[in-house]
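Taking it in order: structure first as structure tokens, then the write-up.
The values are calculated or read from the model by the stated rules, or taken from the named source; none is laboratory data. Not measured: the values here are computed from a predicted model. Positions of Cβ are backbone-derived with ideal geometry, glycine not excepted, and every protein chain shown enters the neighbour counts. The accessibility values were calculated without ligands, DNA or RNA, using every heavy atom of the protein model including side chains. Shrake-Rupley method; radii C 1.70, N 1.55, O 1.52, S 1.80 Å.
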Amino acid sequence: MTPMKQTLLLFSVLLVMSCGNKKSSNQKLLSDSSGNINNLSVVIENNLWEGNVGEAIREVLAAPVDGLPQDEPLFNMSQIPPAVFSGFATHNRTVLKIEKGGEASVKIASDVYAQPQKVVLVSGKTDTEIIQQIQENAQKIVTAFKSEEIKEKQRRIKLSLHKNNTLKEKLGITLNFPTAYRIAKEEDKFYWIRKDIATGTTNLMVFELPFSAIKKGDSLVDQIIKLRDSIGQAHIPGPTEGTYMITEEAYAPAVFETIIDNKPAIETKGLWDVKNAFMSGPFINYIIEDKINNRLLVIEGFAFAPSVEKRDYMFELEAIIRSLKIGD
């Protein structure tokens, strides 16, 4: 049996196993996965990695993260030739496997060599077919890996949860964030939550607005900027009197539609700075439609970390935000 057929057989078996309601004895024997957050193993022959296939992979999975002041890749990647992909090398939590010779396809499976784990197998008879599969399924591949990493980050956060807060009482929500964070400001139904880091702080804001405060399609970006700037002026002061956080005027925020706690949300990524002061950094903002409570719930993460990379700080904030639950 060829290596390609062996891999496809393994995928077929595991996909059938995953349909059951209980873990099988084989799944229980899997080793724990390992690896730093957002580190991806790419199993591919050297000549493919160094050629056009490798370039197509990098264009998708090392693309710059939206909303950061400097280019930082979605994932850090380590290439592994198939001949040495065995033992501990198979335990990374996220694995992209490229196999040349089979039918053109993209297959996604969980817990193939370790658990938890996400493995994406891309195959094709030629380089062109493999590249086409990568490009046509780019969003699906990125989402598969990112979702796995969000879950892992949330699992780690749960090991030391901050529980001494009144978010449930005041806003009717639960939010999983670590004990390293503190409640910096609690005014009526506005929360500013902060964590000190080596070069600055990571921050969260949570508050509510009337359901009619944002009108979709009516200069949405301008509305969001105006909203952010008014909240910054009211609640997030700068280092000296008369300074406060605003949206960076020279950088147009990127706006997307997403889902938070099974509810429609507007996601905005961009840069903030401080009016009349030299401070800036990235932010990620979510405006969630909470129709049951007839309100918009706004939650934002922003980081101040000059002179260092910020991707992982913002990823932690996104993982925290995506843990949000409204109501019971």
### Query
Cβ-Cβ below 8 Å, separation at least six or inter-chain, first residue in region 199-226 and closer than 18 Å to Ile183 by Cβ, second at pLDDT 95 or above and among the basic types (Lys, Arg): which pairs?
Thr201/Arg194; Thr201/Lys195; Thr202/Arg194; Thr202/Lys195; Asn203/Arg194; Asn203/Lys195; Leu204/Arg194; Glu208/Arg295
### Message
Just the residues that are without any contact (Cβ under 8 Å) to a residue 24 or more places away in the chain, among the hydrophobic types (A, V, I, L, M, F, W, C) and assigned to a helix (DSSP H, G or I), please, taken from region 153-193.
### Response
Leu159
### Query
Among the residues of region 263-280, is there at least one that is touching a residue at least 24 places away in the same chain (Cβ under 8 Å), out of contact with any strand residue (DSSP E or B) (no Cβ under 8 Å at 6 or more places or on another chain) and of a type in the set (A, V, I, L, M, F, W, C)?
yes
### Task
Could you list, in sequence order, all residues of region 270-295 that are open to solvent by 10 Å² or more (accessible area, probe 1.4 Å), closer than 18 Å to Lys216 by Cα and part of a strand (DSSP E or B)?
Glu289, Arg295
## Note on the structure
Among the residues of region 111-139, the number that are over 18 Å from the mean Cα position of the chain (by Cα), buried (at least 16 other Cβ atoms within 10 Å of the Cβ) and farther than 20 Å from Arg58 by Cα is 5
### Query
Counting only residues that are among the small types (Gly, Ala, Ser) and under 30 Å from Gly281 (Cα atoms), which one in region 66-110 is least open to solvent (accessible area, probe 1.4 Å)?
Gly67
### Message
Among the numbered criteria (1) among the basic types (Lys, Arg); (2) in contact with a Ser or Thr (Cβ under 6 Å, 6 or more places away or on another chain); (3) open to solvent by 20 Å² or more (accessible area, probe 1.4 Å), which one does Arg228 miss?
### Response
(3)
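Quick one: which residue in Asp196, Asp222 is part of a strand (DSSP E or B) and open to solvent by 80 Å² or more (accessible area, probe 1.4 Å)?
Unique residue meeting the criteria: Asp196.
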### Message
For region 234-266: of the residues being assigned to a loop (DSSP other than H, G, I, E, B) and touching a Gly at 6+ places or on another chain (Cβ under 7 Å), which is farthest from Leu175 (Cα to Cα)?
### Response
Tyr251
#### Entry: Conditions (1) of a type in the set (D, E, K, R); (2) open to solvent by less than 30 Å² (accessible area, probe 1.4 Å); (3) over 18 Å from Ile224 (Cβ atoms): number failed by Glu267
(3)
### Task
Return the only residue of Thr240, Thr247 being of a type in the set (Ser, Thr, Tyr), surrounded by fewer than 16 Cβ atoms within 10 Å (Cβ to Cβ) and either farther than 16 Å from Phe304 by Cβ or more than 21 Å from the chain's Cα centre (by Cα) (or both).
Thr240
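Just wondering, is there one or more residues in region 306-325 that are in a strand (DSSP E or B), within 27 Å of Lys170 (Cα to Cα) and under 23 Å from the mean Cα position of the chain (by Cα)? Please lay out each step first, then the result.
Taking region 306-325 and keeping what is in a strand (DSSP E or B), we get 325.
From the residues that got through so far, the ones that are within 27 Å of Lys170 (Cα to Cα) too are 325.
With the extra rule that they be under 23 Å from the mean Cα position of the chain (by Cα), the set shrinks to 325.
Looking for residues that are in a strand (DSSP E or B), within 27 Å of Lys170 (Cα to Cα) and under 23 Å from the mean Cα position of the chain (by Cα), one finds at least one in region 306-325, hence yes.
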